[in-house]
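What follows is a set of notes on a single structure, which appears directly below.
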Amino acid sequence: MELVYLQTFREVAHRQSFTRAAEELGYAQSSVTAQIQKLEKAYGVELFERFGRGLRLTSAGEELLRVAVQMLDLYQESKEKLARQGGGTLSIGTIDSIASYFLPPSIQKLRSDYPELAIRLQSDREESILNKLRDGEIDLGFILASSPSDSALEWEMIREEPLVLIANPSHRLTELDTVELPDLKGVEWFMSEESCNYRVMLEKVLRANGFVYRVGLELGNPEAIKRCVRTSYGIALLPRMAAEEEIRRGELAILPFTHDDIRLKLYLIKHPKKWISHAVKDFMDRFRYELDYAE
């Protein structure tokens, strides 16, 4: 007998409704009904009886619920222990800039606390990350987006991540107190791949304002973009986290430009039904605490 039947039974007992249990579990109501019928056939008893418009447990159902709760708790505990003692695996999907400049300190702390935990950090495109989260191939996702785009997943906003226009410190635009859209006419752009959401955002604004813009180079990652900006007079849009070190060292300059339609937020995403180990819970809690402390 699959444990999922007992999980469904526990949810129906808690909600006192096949319909509400199905909604909570993300199943079709017919699937919930079929699972309960299989349980009743396996035990040879009726587990629920109609009570007005609702349901209530029979005496046999009450007895099974007590045992089912213990079995499910033991199953959860076994998974927890294996994740901590046997190591387990944490799979994280994210984009290049977050993988390179944002997550490494938190991951190093997690490795120190859980040395046997295997951590897989996969850089990918946003669409692929969301697909892997839906399919259960990865545990957590970190992306930059203007808003949640998939209601089947849980989105937690970590912070607003500044996007900055960067240039060689000797670029003519660095002499301006404020860079306005008209000042950007005729500049050479170094851009990330076409699917990158902040490039899409930038190009939408440029086109909406009638710009005929020139993409001098299209590059696959922030490191390549920064190197090209440092040695030429092209400009680029990047998350500030990706250029923080070069800005601090004076190798790149931030152009004094802002636009309400060029803004992104950093999101932590997971599947609502994905089991989260003790180590991953610690990781997420520490993550939130460190951000709150930093603010």
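The values are calculated or read from the model by the stated rules, or taken from the named source; none is laboratory data. Source: prediction; values computed, not measured. FYI the Cβ positions are ideal-geometry reconstructions off the backbone, even for glycines, and counts take in every protein chain you see. Protein only, heavy atoms only, side chains kept; ligands, DNA and RNA dropped before computing areas. Shrake-Rupley method; radii C 1.70, N 1.55, O 1.52, S 1.80 Å.
Proximity of backbone amide H atoms, modeled 1.01 Å from N, is registered between residue 264 and 161, 163 at under 5 Å, excluding neighbours fewer than 5 places apart on the same chain.
Above 16 angstrom, tally the Cα pairs of segment 216-295 and express them as a % of all pairs, no decimals.
Details: 2132 of 3160 pairs.
Here the tail beyond 16 Å accounts for 67 percent of pairs.
Find how many whole Å separate the alpha carbon centroid of segment 126-180 from the alpha carbon centroid of segment 97-112. Centre-to-centre (Cα) distance: 17 Å. Based on the Cβ-Cβ distance from residue 188 to residue 147, what FRET efficiency comes out when R0 is 22 Å, to the nearest 0.05? Computed FRET efficiency for residue 188 and residue 147 comes out at 0.10. Taking amide hydrogens as placed 1.01 Å from N in the peptide plane, the amide H of residue 88 sits under 5 Å from those of 118, each at least 5 positions away in sequence or on another chain. Sites listed here are trypsin sites (Lys or Arg not before Pro) in segment 189-251 whose DSSP assignment is loop and whose Cβ has at most 12 other Cβ atoms within 10 Å: 249.
Probing with 1.4 Å while keeping every protein chain in the model, the per residue accessible area of the chain equals 55 Å². The string of couplings for segment 249-264 from the Karplus curve (6.51, -1.76, 1.60, θ = phi - 60°) is 7, x, 7, 10, 10, 8, 6, x, 10, 9, 8, 4, 8, 10, 9, 9 Hz, one whole number per residue in order, with x for Gly and Pro. Pairs of Cα atoms nearer than 8 Å and 6+ residues apart set the relative contact order; for the chain it is 21 percent.
Under the definition of Cα pairs under 8 Å and six or more residues apart, what whole-number percent is the relative contact order of segment 162-263? List each step's numbers first, then the result.
Working: 159 pairs, mean separation 51.2, N = 102.
Answer for segment 162-263 is 50 percent.
For segment 142-193, the set of trypsin sites (Lys or Arg not before Pro) satisfying both a DSSP loop assignment and a count of at most 12 other C-beta atoms within 10 Å is given as 185.
Taking chymotrypsin sites (Phe, Trp or Tyr not before Pro) as exposed when DSSP calls them loop (any state but H, G, I, E, B) and at most 14 other Cβ atoms lie within 10 Å, what is the longest stretch of the chain free of them, the sites themselves excluded? If you can, show how the numbers build up before the last one.
On the way: sites that count: 233, 275.
Excluding the exposed sites themselves, the longest stretch runs over 1-232.
When you filter the GluC sites (Glu not before Pro) in segment 34-70 for DSSP loop state and at most 16 other Cβ atoms inside 10 Å of their Cβ, you are left with 46.
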